[in-house]
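The values are calculated or read from the model by the stated rules, or taken from the named source; none is laboratory data. Not measured: the values here are computed from a predicted model. Please note: Cβ atoms are built from the backbone with ideal geometry, for glycine as well, and neighbour counts cover all protein chains shown. Accessible surface is based on the protein model in full, side chains and every heavy atom, while ligands, DNA and RNA are left aside. Shrake-Rupley method; radii C 1.70, N 1.55, O 1.52, S 1.80 Å.
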Amino acid sequence: PICKIGRLRTSSAAEVMTVNPKTIPEGTIAEDAFAMMTTNKITALFEMGAEAPDKPVGLLHIHDLNRLGLG
């Protein structure tokens, strides 16, 4: 469910987070990450570790890709 901005200030992260966020494996090419964001109409992806694929090692935001000239 989408929170109204007023309620957002009093909500916990668990109440507003995406339960199953989209992820990319460590080392994914920026263009592929951008394509995934575009296809899924999302603005961020968790980068999952090569050594531990169930552990995030980073967060990639669309603005990071915009700074590279994508989008």
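Once the Cα-Cα distance is subtracted from the 0.36 nm per residue extended length, the residue 57 to residue 35 segment shows a gain of 5.9 nm. Surface analysis of the chain yields an accessible area of 79 Å² per residue, using protein heavy atoms and a 1.4 Å probe. Computed from backbone phi with θ = phi - 60° and the Karplus coefficients 6.51, -1.76 and 1.60, the 3J(HN,Hα) list for segment 45-55 is 9, 7, 9, 9, x, 6, 6, 9, x, 9, 10 Hz; x is used for glycine and proline. Relative to its residue count, the chain spans a Cα convex hull of 113 Å³ per residue. Note on the chain: antiparallel DSSP beta bridges, both residues inside, total approximately 60 percent of the bridges counted.
Across the chain, Cα pairs under 8 Å and at least six residues apart give a relative contact order of 25 percent.
Would you tally the net charge around residue 37, using a Cβ to Cβ cut-off of less than 15 Å, leaving residue 37 out, and scoring K and R as +1, D and E as -1? Spelling it out: positives minus negatives among the neighbours equals -1.
Determine the share of the chain's accessible area contributed by carbon and sulfur atoms, expressed in whole percent, with a 1.4 angstrom probe. Carbon and sulfur together cover 58 percent of it.
Based on Cβ point charges of +1 for Lys and Arg and -1 for Asp and Glu, what charge dipole magnitude is obtained for the chain about its Cα centre, in debye rounded to the nearest 20?
540 debye
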